[in-house]
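Engineer: I am attaching a structure below and will ask some questions about it afterwards.
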Amino acid sequence: DNTACSSLSASSECSVSLDGHVKVWAPPKWLDKLRSRARALGSPSAAQRRCTAFLQRSWILPAFYTIAGVVFVIFVHGPHVFLPLLIIIANYVIFSRLQRWCPYWLFMVIMWSTHVALLYLIEVNEGFEQTYWVQYCTLSILSSLTAILGDAEVLPLEQRMRWSVAFRMSTLRLIAFNYDLWEATHAAARARDRATAKHDAGCVECAQLREQNAASAAALPAEASRCYKYRTEYARDPADYNFLNYAAYVLFPPLYLAGPMSSFNAFVSHMRVPSTSMPLRKMARYAFGILRIYITEYTLLHFVHIPCLGSYAFVILRMTLLEQAQFLFYMLAYLWLKFSFIWKSSRLLAMFSGIKVPDDMRRCFDNTLTVRDFWRDWHASFHLWIERYMYIPMVGRSRNALSVLPIFLFIAVWHDPALHLVKWAVCIAAMFEAEVAVSVCFGWAAAAFRREMAAAAPTGAVSDAALDSGRPANCAPRRSLLARLARLSARRLSPLAQSWVYRQCRVVAGMTTVFGLIVANLVGFSMQNAVATVEKHGLPSSGTDADDVIKKAFHSITPLFTLGLIAFMYSVSALAAMDRDMARQQTSYLKLLYRLKQ
């Protein structure tokens, strides 16, 4: 009887009666259909495929982000919320239609001139919050809500942050959307082919994601094994550039106030296919790192009152030279810890939602060799934004030195249209141009040095250069100083010593970069006395500018301080050079491991 029961199909029921006869009960058709659907839904692969397809075709997630973003913006900006929302809507209406018939150069000119002028006007007029029409609209909104709800005190319309401050980040997102939309409309195929060929041939992160997702590759889309840069460079379908995705991108709550920055292409891609680069265990370690940053900053502020000294900037002029140097170092450490905590916390919330953004503050603030490395590691997401939407569209990769000054002037205006930031932009641009020139000359000299070293033959041997020129071997030509140094290095120095000399040259160049960044940041982030603080304490009304601090420092410099500064800059640059060499070696090893193009 039991054998007969086990041989029956899954669509029948088996029972044994008291007399031993088997009774077969045939279920109705609706129960068969219900069981088949339950078995289909119970399959993990089928459930994953259905969930992935649902996320790819659904409008629910963008709508949720949009609604949450609007609520968050209302909570932050209060009654002035209609100003940023009007600009966001106007940008979509205007530029989504303008890109259809406008040529590339005209589209870029209109877009950049409009947004830079708007950004400047908003900053100069303090968000137009004191104008008559804004106050009238604000009072009208409050009156209408009071009439509807009956009690104005329960309205959560308190302004917690000025909208003009947060709109700086929104301006970058508007420009990113406009550029990505134009590229997807006019050059999508070329952008996709270029991104695919580039990342298949030499992207380490894409190779690591493919290896990580190898076990579930059949259940995951191919886009899940792609890095952030690929998703940025890969143009989306034109249907993805709709208003719902646009609003979700601009108003996404974790990234709205301070970033990190993300491109529109990458954001929509992560909404469709969430990032798998940070599993739960890695996310927990990342959160623990944020906690360590917070504890370090709290401890630093407990013993060194940096914000208080910054508020009373006149005290800095009364400090000794060593105290001023210590204050500058602690100020940079405080800024690094503060921004690192803010940006990494926002990134953690975004990663928890499946939206991957670049990690800002990748290295410590004094771990740098060049100006480019400093900004690439300090505000990494902003650097990637500038590279995609300013460097390459303006003049391309081959002539990016021509765009340095306009780019840093835009960065200065984007931060705050003030004179000290314009001076900071000019200083950084001059350093960058000098760095590019020195890099080109050093690259040419290093290549010539290697050629001379390769051509150096042992004593008594005939060199290839002498045979090619037809000159007798015993008739040595007149050689330049570079050639003599190269041959001396090839014959007298071991490979380890040659590597040490090369690293010391980089360290010396890094020392000049560190010193230049110190001076430029002093000029840019000048310390101005607040008028209210000066009047409150009855102190002299003249402000303390960073120029005065720099002049006083140069006049009071001593040989012992100079020696200590040189030792500090040498130690910092040497550690930075070692860190870059280790990172380059690790990248070369990974490319060799994954058989990628070196």
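Engineer: Which pairs turn up if I take residues in region 239-267 that are touching a residue at least 40 places away in the same chain (Cβ under 8 Å) and look for partners that are part of a loop (DSSP other than H, G, I, E, B) and surrounded by 21 or more Cβ atoms within 10 Å (Cβ to Cβ) with beta carbon separation below 6 Å, at least 6 apart in sequence or on another chain?
Structural biologist: Taking only residues 6 or more apart or on different chains, the pairs are Pro260/Val357; Pro260/Pro358; Pro260/Asp360; Ser262/Val357; Asn265/Arg236.
Engineer: Yes or no: region 52-62 includes at least one residue that is part of a helix (DSSP H, G or I), modelled with pLDDT of 90 or more and out of contact with any strand residue (DSSP E or B) (no Cβ under 6 Å at 6 or more places or on another chain).
Structural biologist: Checked against the condition, which is being part of a helix (DSSP H, G or I), modelled with pLDDT of 90 or more and out of contact with any strand residue (DSSP E or B) (no Cβ under 6 Å at 6 or more places or on another chain), region 52-62 yields at least one hit.
Results for (1) within 17 Å of the chain's Cα centre (by Cα); (2) among the hydrophobic types (A, V, I, L, M, F, W, C); (3) within 22 Å of Leu565 (Cβ to Cβ); (4) not in a loop (DSSP other than H, G, I, E, B), shown as yes or no for each residue.
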position	(1), (2), (3), (4)
Thr276	no, no, no, no
Lys282	no, no, no, yes
Tyr286	yes, no, no, yes
Gly289	no, no, no, yes
Tyr294	no, no, no, yes
Cys308	no, yes, no, yes
Leu332	no, yes, yes, yes
Arg347	yes, no, no, yes
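Engineer: A follow-up question, please. Please pick out the residue among Ala207, Ala219 that is crowded, with 16+ Cβ neighbours inside 10 Å and not in a helix (DSSP H, G or I).
Structural biologist: Only one candidate qualifies: Ala219.
Engineer: Within region 114-135, how many residues turn out to be closer than 30 Å to Tyr179 by Cα and part of a helix (DSSP H, G or I)?
Structural biologist: The number of residues fulfilling the criteria is 14.
Engineer: Any chance region 542-563 includes a residue that's assigned to a helix (DSSP H, G or I), of a type in the set (Ser, Thr, Tyr), modelled with pLDDT of 80 or more and assigned by TED's automatic domain parsing to the domain that holds Glu433?
Structural biologist: Yes - at least one qualifying residue is present in region 542-563.
The values are calculated or read from the model by the stated rules, or taken from the named source; none is laboratory data. Just so you know, these numbers come straight off a predicted model, no measurement behind them. Note that we place each Cβ from the backbone using ideal geometry, even for glycine, and neighbour counts take in every protein chain shown.
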